[in-house]
Amino acid sequence: MFPRFIPPVISAIILLFIPSGGLLAQKAVPVLESIFPGGGQAGQSVDISITGEELEGATGLIFATEKHGFTIETEALPSVTSPESPNRFRIKIPAGAKAGRYGVHVRCAQGLSSPRGFVVGTKPEVIESGINSMKDRAMQISVETIVNGRTEESASDFYQIDLEAGEKIRLSCTSEALTSRLSASLTLYGPDGSELDRDRDNSDRDAMVACSAPSSGRYFIQVSDFTFRGGPEYTYRLEVSRGPQVLFMYPPAGESGKTTTHVVYGRNLPGSDPARRIRLGNRLLDVVEAQVSIDSLEKFTDSTQIRQSMIPTGAYQLQDGANASNPIPLGVSTAPMVLETETGPGGDSQSVQVPCEVQGRFDQTRDLDRYRFEAKKGDELWIEAFAQRIGTTVDATLLIERMIRDPEAGESLQPSGSADDLSDDTGERRFPLPCGDAALPFTAPEDGTYRVTIMNLAGRGGIDQVYRLAIKTPTPGFELV
């Protein structure tokens, strides 16, 4: 029981150690919640508005661009509503600025704010009209343009574009790169009002559509949040480009030091054979093959999720004359690559030699793949599945078993380890790390043959349900993100 009376001397000592703002008072942390527009063209000046908390005394914006060899200059613009807390800035992007996504902070009285994403582009950029929430008020735009917009609650944004018959375009609505709250929904309509393509709320919360214009005329584009939310924090960049759209590749990685053959899946792919098209959901995808030297690719820098950015990848683009596709990440395998040999759920395991990296795919519903390898007692291995970190929806789980062969009793399996989701959440909300991939350290308890079974807990199968499975000696390392 606590005493009812505290001697005056003790009371004075207690009060001496209580901060003036209260026992639990903490210094306010500046939070940058939105920046609009979320990008700008190299060589141009852009007026930007910001919203957030504890941004009093803001004097400028700081862009993380210096290590890339350029600096974005900023100046505060007068604020009518709050002169002591400017929320508008003019920035100057140098003509030689490298295109890409960069972090931006607000410099204010309490220090630097939390970051947001800002994209430097090479195409002309415009800002949505703000009155384009109905189809009959659709904003006119053109190909090879980027529109900076933001959605309002319970509303969509409409755009119109004139195309010639046979003109091939792709549209991307980017949200994740801006650290926006928008879960993008993107729909393309033909001149007759028919829906030509639709995409929504992918694993990165972006959306992409494409078409080869069936006739000359005016086409309409609808952008919204998937659940029709809106406000200053629901920003997006709508890019309209010519050229092919690449969705994914198989195998999803290339071996360092080698040229490998990959199957490319997408829309408007040059040289594609209509007879080889494959249906995925409501889309018919073109299929072509490409020879790729992974070492010749530039590093993929468009990753917006921390887990993905920690995996070495090259940026692959498919050329169609003067036009290039959107860049997509192609993994870099430092171990000998092995392609999965499909055996089906009841089939035998595929023999692999350690170290290796298997490139696999769940072709059918409730598919599972098995691989066996030899190990000596005490051998230490790192067994890891890459799926959601390479952009697929596979929810991988691993099971390790020792295969015991007895001349009389036959073959039996002894469980030796298992793994499910990577649940490390040390980054908390600002730097979320959990994902549905699986990994585990493994030490062979005896000489013998071991089997790895990889399954998709989501149960789905199809051409896009791909994964990478690494079985190799563990090596220490770290990655700064």
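Looking at region 22-53, which of its residues are buried (at least 19 other Cβ atoms within 10 Å of the Cβ) and either assigned to a loop (DSSP other than H, G, I, E, B) or modelled with pLDDT under 90 (or both)? 30, 37, 38, listed by residue number. Checking 198, 150 one by one, the residue that is of a type outside the set (Val, Ile, Thr) and under 26 Å from residue 87 (Cα atoms) is 150 and no other. Of all residues in region 114-123, none satisfies being among the charged types (D, E, K, R), touching a Phe, Trp or Tyr at 6+ places or on another chain (Cβ under 9 Å) and not in a strand (DSSP E or B). Going by the structure shown, is residue 286 assigned to a loop (DSSP other than H, G, I, E, B), closer than 22 Å to residue 200 by Cα and either touching a residue at least 12 places away in the same chain (Cβ under 8 Å) or in contact with a Pro (Cβ under 9 Å, 6 or more places away or on another chain) (or both)? No: the conditions fail for residue 286.
Reported count of residues in region 132-173, each being within 23 Å of residue 49 (Cα to Cα), surrounded by 15 or more Cβ atoms within 10 Å (Cβ to Cβ) and of a type in the set (D, E, K, R), is 3.
Only residues that are touching a residue at least 40 places away in the same chain (Cβ under 8 Å), under 24 Å from residue 104 (Cβ atoms) and basic (Lys, Arg) were counted in region 153-210, giving 1.
How many residues are part of a strand (DSSP E or B) and either of a type in the set (Ser, Thr, Tyr) or free of Cβ contacts under 8 Å to residues at least 24 places away in the same chain (or both) if we restrict to region 384-404? Walk me through it before giving the result.
If we filter region 384-404 for residues that are part of a strand (DSSP E or B), which is where we start, we get 384-386, 396-404.
Going one step further and asking which of them are either of a type in the set (Ser, Thr, Tyr) or free of Cβ contacts under 8 Å to residues at least 24 places away in the same chain (or both), we end up with 397.
So the answer is 1.
Just one of (1) in contact (Cβ under 8 Å) with a residue 60 or more places away in the chain; (2) farther than 25 Å from residue 259 by Cβ; (3) surrounded by 15 or more Cβ atoms within 10 Å (Cβ to Cβ) fails for residue 378. It is (3). Only one of the numbered conditions (1) among the polar types (S, T, N, Q); (2) closer than 26 Å to residue 269 by Cβ; (3) not in a strand (DSSP E or B) is not met by residue 353, and that is (2). With respect to the conditions (1) within 26 Å of residue 41 (Cβ to Cβ); (2) surrounded by 14 or more Cβ atoms within 10 Å (Cβ to Cβ); (3) not assigned by TED's automatic domain parsing to the domain that holds residue 162, residue 298 lacks only one, and its number is (2). Of the residues 389, 460, 402, which single one is modelled with pLDDT of 95 or more and either surrounded by 13 or more Cβ atoms within 10 Å (Cβ to Cβ) or under 22 Å from residue 251 (Cβ atoms) (or both)? Matching residue, one of 389, 460, 402: 402.
The values are calculated or read from the model by the stated rules, or taken from the named source; none is laboratory data. All of these numbers come straight from a predicted model, not from anything done at the bench. Every residue, glycine as well, gets a Cβ built from its backbone with ideal geometry; the counts of neighbours run over all protein chains shown.
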